[in-house]
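Trainee: My structure is below; once you've seen it, I'll send some questions.
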Amino acid sequence: MKYDELTLMQFADGELDEALMVEIESARKNDKELQAYLEVYVTTRSALIESTKEETIPSHINDLINNFSP
(Lines give C-alpha, C1' and ligand atoms only; values in the text may rest on other atoms or scores of the structure.)
Protein backbone atom coordinates (compact mmCIF):
# COMPACT_ATOMS: atom_id res chain seq x y z
CA MET A 1 0.00 0.00 0.00
CA LYS A 2 1.54 3.29 -1.04
CA TYR A 3 -0.52 5.71 1.08
CA ASP A 4 0.32 6.57 4.67
CA GLU A 5 -2.29 6.47 7.43
CA LEU A 6 -2.60 10.25 7.66
CA THR A 7 -3.44 10.47 3.97
CA LEU A 8 -6.05 7.74 4.35
CA MET A 9 -7.62 9.53 7.32
CA GLN A 10 -7.73 12.72 5.27
CA PHE A 11 -9.37 10.75 2.47
CA ALA A 12 -12.05 9.47 4.86
CA ASP A 13 -12.61 13.05 6.05
CA GLY A 14 -12.80 14.38 2.48
CA GLU A 15 -9.85 16.70 3.08
CA LEU A 16 -7.66 15.81 0.10
CA ASP A 17 -7.51 17.60 -3.22
CA GLU A 18 -9.76 16.15 -5.91
CA ALA A 19 -6.95 14.50 -7.89
CA LEU A 20 -5.69 12.51 -4.89
CA MET A 21 -9.26 11.62 -3.85
CA VAL A 22 -9.87 10.18 -7.34
CA GLU A 23 -6.51 8.36 -7.31
CA ILE A 24 -7.21 6.67 -3.96
CA GLU A 25 -10.79 5.86 -4.93
CA SER A 26 -9.48 4.16 -8.07
CA ALA A 27 -6.70 2.33 -6.19
CA ARG A 28 -9.07 0.95 -3.57
CA LYS A 29 -10.97 -1.03 -6.21
CA ASN A 30 -8.04 -3.43 -6.67
CA ASP A 31 -6.32 -3.27 -3.29
CA LYS A 32 -7.87 -5.33 -0.48
CA GLU A 33 -5.49 -3.92 2.13
CA LEU A 34 -6.37 -0.35 1.13
CA GLN A 35 -10.08 -1.23 1.24
CA ALA A 36 -9.68 -2.58 4.77
CA TYR A 37 -7.85 0.51 6.02
CA LEU A 38 -10.41 2.85 4.48
CA GLU A 39 -13.30 0.86 5.93
CA VAL A 40 -11.83 1.30 9.42
CA TYR A 41 -11.29 5.04 8.96
CA VAL A 42 -14.71 5.68 7.42
CA THR A 43 -16.48 3.59 10.08
CA THR A 44 -14.55 5.27 12.91
CA ARG A 45 -15.28 8.72 11.50
CA SER A 46 -18.98 7.95 11.24
CA ALA A 47 -19.08 6.57 14.79
CA LEU A 48 -17.31 9.64 16.18
CA ILE A 49 -19.67 12.00 14.40
CA GLU A 50 -22.69 10.06 15.57
CA SER A 51 -21.47 9.90 19.17
CA THR A 52 -21.04 13.67 19.39
CA LYS A 53 -24.23 14.77 17.64
CA GLU A 54 -26.04 15.56 20.86
CA GLU A 55 -22.98 16.88 22.67
CA THR A 56 -23.23 20.47 23.85
CA ILE A 57 -20.06 22.53 23.89
CA PRO A 58 -19.79 24.63 27.06
CA SER A 59 -20.15 28.35 26.41
CA HIS A 60 -16.69 29.19 27.78
CA ILE A 61 -15.16 26.82 25.21
CA ASN A 62 -17.21 28.40 22.43
CA ASP A 63 -16.01 31.81 23.60
CA LEU A 64 -12.38 30.66 23.43
CA ILE A 65 -12.91 29.31 19.92
CA ASN A 66 -14.79 32.33 18.66
CA ASN A 67 -12.26 34.78 20.11
CA PHE A 68 -9.12 32.87 19.17
CA SER A 69 -6.39 34.90 17.56
CA PRO A 70 -3.12 33.22 16.52
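Trainee: Would you be able to say whether some residue in segment 33-41 is assigned to a helix (DSSP H, G or I), free of Cβ contacts under 8 Å to residues at least 12 places away in the same chain and small (G, A, S)?
Mentor: If we filter segment 33-41 for residues that are assigned to a helix (DSSP H, G or I), which is where we start, we get 33-41.
Filter once more, so that each one left must be free of Cβ contacts under 8 Å to residues at least 12 places away in the same chain: 35-36, 39-40.
Restricting the remaining residues to those that are small (G, A, S) gives 36.
For segment 33-41, residues assigned to a helix (DSSP H, G or I), free of Cβ contacts under 8 Å to residues at least 12 places away in the same chain and small (G, A, S): present.
Trainee: Follow-up question, since we're still on this one. Look at segment 38-69 and say how many of its residues are closer than 22 Å to Q10 by Cβ, open to solvent by 90 Å² or more (accessible area, probe 1.4 Å) and modelled with pLDDT under 90.
Mentor: 2
Trainee: Related question: Just to be sure I understand the filter: pairs with C-beta atoms under 6 Å, separated by 6 or more residues or on different chains, first member in segment 10-23 and under 19 Å from I49 (Cβ atoms), second member open to solvent by 60 Å² or more (accessible area, probe 1.4 Å) and among the charged types (D, E, K, R). Which pairs pass?
Mentor: Final answer for the pair search is A12/R45.
Trainee: If a residue must be outside any loop (DSSP other than H, G, I, E, B), among the hydrophobic types (A, V, I, L, M, F, W, C) and surrounded by 12 or more Cβ atoms within 10 Å (Cβ to Cβ), how many such residues does segment 1-32 contain?
Mentor: Step one: filter segment 1-32 for residues outside any loop (DSSP other than H, G, I, E, B), giving 5-13, 18-28, 32.
Narrowing further to those that are among the hydrophobic types (A, V, I, L, M, F, W, C): 6, 8-9, 11-12, 19-22, 24, 27.
Of the ones still in play, those that are also surrounded by 12 or more Cβ atoms within 10 Å (Cβ to Cβ) are 8-9, 11-12, 20-21, 24, 27.
So the answer is 8.
The values are calculated or read from the model by the stated rules, or taken from the named source; none is laboratory data. Given the structure is predicted, the values throughout are model-derived calculations rather than measurements. Because the Cβ atoms are built from the backbone with ideal geometry, glycine has one as well, and the counts that use them run over all protein chains shown. Just so you know, the surface numbers come from the protein's heavy atoms only, side chains and all, with ligands and any DNA or RNA stripped out. Shrake-Rupley method; radii C 1.70, N 1.55, O 1.52, S 1.80 Å.
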